[in-house]
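Notes for the one structure printed next.
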There are 2 protein chains.
Amino acid sequence: MVELPKHLEEVVEFFTKLPGVGEKTAFRQTLQLTNWRSEDLMAFSYALSQLTQLKKCQKCNVYTDTTVCNICASVERYEAKMLCVVETLTDFLAIEKSKNFRGTYFILGNVLNPLMGIGPDEIGLDKLFERITSENIQNLILAINPSVEGDATCSYIRHKLPQTIKVERIGFGVPMGGSLEYLDSLTISKALENRKSL
Amino acid sequence: MVELPKHLEEVVEFFTKLPGVGEKTAFRQTLQLTNWRSEDLMAFSYALSQLTQLKKCQKCNVYTDTTVCNICASVERYEAKMLCVVETLTDFLAIEKSKNFRGTYFILGNVLNPLMGIGPDEIGLDKLFERITSENIQNLILAINPSVEGDATCSYIRHKLPQTIKVERIGFGVPMGGSLEYLDSLTISKALENRKSL
């Protein structure tokens with residue numbers, strides 16, 4: 001077999017470590033990179049190296065270039081006194097994209113999972129509770145995905161907060177554009193349970 | 001919308017420039033990278049920057065760390081006096097993987113395409129002819145993919161070489177494991193044309 005340059009093989013190997021990239025795709029992507037202009041390649045390399053320096057917003061944990069992200073710094077959002085708790089940055093962005101929430105966020109980074117050694121400290125619940133107190137949050141929305149661990153995390157948070165704070169979890173049911181025919185029984189059960197009078 | 005760090009956005013943008021990567025995948029991959037250890041991230045970044053320094057084998061054009069690749073340097077392969085012409089590095093690797101060819105290679109990088117301004121000089125045909133003469137190649141195998149341009153390139157090469165050199169093109173027909181039911185008519189016509197007596 002031909003011996004390809006070490007760095008080429010390395011780039012292929014790193015690509016295969018990314019989600020959804022197999023060996024063939026990695027190779028195709030690497031070959032495409034070899035056709036890029038050196039400036040672009042160097043810029044890509046530099047941007048990548050800078051990912052080691054990423055900072056998180058001190059308040060909500062989102063990646064940001066500033067100490068506090070622009071959402072946490074917004075007076076309008078602060079005054080809404082609503083805080084939305086999400087698992088990941090992508091969940092956060094999905095909600096932000098819906099343009100239907102004008103409060104602040106808190107990214108857990110994970111959900112409680114005792115078997116994996118993820119307890120309240122690992123997901124920074126103390127920081128969350130502290131923020132709820134210091135910013136006098138009135139309404140906490142738990143936008144945590146449905147799973148055994150997600151459900152437990154929600155119960156834990158509800159249990160730890162005084163009853164004066166309204167804690168709500170996002171609604172579950174049939175998704176827009178969804179068809180009952182193709183949905184799983186659990187979703188249908190949830191949709192029946194969450195029915196609303198018209 | 002939240003302002004994400006500049007470098008994060010940049011990495012996402014670079015990823016979307018790769019084949020088969022959309023915005024969502026790019027974002028997912030970038031987020032995954034943020035979880036990598038810094039050493040790995042720096043190594044990835046460095047390997048990427050080194051792609052600007054890739055060298056090609058002086059004889060066959062494959063990427064290599066040495067002046068001449070290990071296949072071109074092999075005496076056994078040199079003595080076979082067989083040269084296989086391919087379009088791309090991936091085609092080269094596919095043939096090498098089949099372990100059925102023990103001669104040397106020549107990567108064109110492209111096929112003749114006058115409309116796109118790709119003439120004999122652009123794909124280094126002079127270098128190919130020179131090599132055929134200097135290495136006294138007896139058998140040239142054109143492993144060029146079937147297309148109008150590929151066919152023209154094969155005719156051109158055949159036309160430019162003396163009749164004493166055996167020039168052959170790889171066979172076309174039904175692929176192994178293929179089913180006539182799902183094949184296009186062109187492939188079936190080719191398979192009929194290339195029938196062999198048993």
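The values are calculated or read from the model by the stated rules, or taken from the named source; none is laboratory data. Predicted model only: the values in this text are computed from it and were never measured. Here the Cβ is made from the backbone with ideal geometry for all residues, glycine too, and neighbour counts use every protein chain on show. With ligands, DNA and RNA removed, areas are computed over all heavy atoms of the protein, side chains included. Shrake-Rupley method; radii C 1.70, N 1.55, O 1.52, S 1.80 Å.
Worth a mention:
- Listed residues A:Leu125, A:Leu18, A:Leu115, most fluctuating in chain A (Gaussian network, C-alpha, under 10 Å): A:Leu18
- Between segment A:108-124 and segment A:1-57, the C-alpha centres lie 32 angstrom from each other.
- In chain B, the beta carbon lying closest to the axis that superposes B onto A belongs to the residue given here with its whole-angstrom distance, B:Ser45, 2.
- On the principal axes of its alpha-carbon atoms, segment B:75-124 has extents of 39, 20, 10 Å, going from largest to smallest.
- For the protein assembly as shown, fraction of C-alpha pairs farther apart than 42 Å, in %: 38
- Inter-chain Cβ neighbour count for A:67-74, averaged per residue, equals 1 (cutoff 10 Å, partner chain atoms only).
- Shape metrics for segment B:60-198, restricted to C-alpha atoms - Rg then Dmax, Å: 16.0, 48
- On Cα atoms only, tilt of A:125-134 relative to the major axis of chain A in degrees: 50
- Taking the label point 7 Å along Cα→Cβ, A:Glu23 and its counterparts in the other copies are spaced 3.5 nm apart, in ascending order.
- Divide the volume of the convex hull around the Cα atoms of segment B:8-63 by the residue count and you get 94 Å³ per residue.
- The protein assembly as shown, helix-only ellipticity at 222 nm - DSSP H runs n ≥ 4, -39,500 (n - 2.57), divided by all residues, nearest 500: -12500 deg cm²/dmol
- Accessible surface calculations at 1.4 Å, restricted to protein heavy atoms, place segment B:60-198 at 60 Å² per residue.
- Size of charge dipole - segment B:89-198 - debye, nearest 20, with Cβ of Lys, Arg +1 and Asp, Glu -1, no other charges: 480
- Other residues lying with their Cβ under 10 Å from the Cβ of B:Ile144 contribute a combined charge of -3, Lys and Arg counting +1, Asp and Glu -1.
- Within segment A:115-172, the proportion of Cα pairs with more than 17 Å between them is 38 percent.
- Both radii are taken from the alpha-carbon atoms of segment A:30-113; with Rh as the Kirkwood radius, Rg/Rh is 1.13.
- Position A:Ile165, label points 7 Å along Cα→Cβ, spacing to each other copy in nm (shortest first, one decimal): 7.9
- Average partner coverage of A:56-65, which counts Cβ from other chains inside 10 Å: 3
- Surface accessible to a 1.4 Å probe, B:Ile118 within the full protein complex, Å²: 30
- Part-to-part distance (alpha-carbon centres) for segment B:65-92 and segment A:82-100, which is given in Å: 54
- Scaling the Cα radius of gyration of segment A:149-194 by the globular reference 2.2 N^0.38 Å produces a ratio of 1.49.
- Rounded to whole Hz, the Karplus (6.51, -1.76, 1.60) HN-Hα couplings of segment B:42-57, x for glycine and proline: 5, 5, 4, 4, 5, 4, 5, 5, 6, 5, 6, 9, 4, 10, 10, 4
- Largest mean-square fluctuation among A:Asp40, A:Asp121, A:Asp65, in a Gaussian network model of chain A whose springs join Cα atoms under 10 Å apart, belongs to A:Asp40.
- Inter-copy separations for B:Glu135, label at 7 Å along Cα-Cβ, nm, ascending: 6.7
- Each peptide in A:97-107, A:45-55 was scored by the mean count of other Cβ atoms within 10 Å over its residues; highest first, the order is A:45-55, A:97-107.
- Theoretical FRET efficiency, 1/(1+(r/R0)^6), r = Cβ-Cβ of A:Glu3 and B:Asp151, R0 35 Å, to 0.05: 0.60
- Chain B - percent of accessible surface contributed by carbon and sulfur, probe 1.4 Å: 53
- Chain B and chain A together bury an accessible surface of about 5100 square angstrom, both sides counted, with a 1.4 Å probe and no ligands or nucleic acids included.
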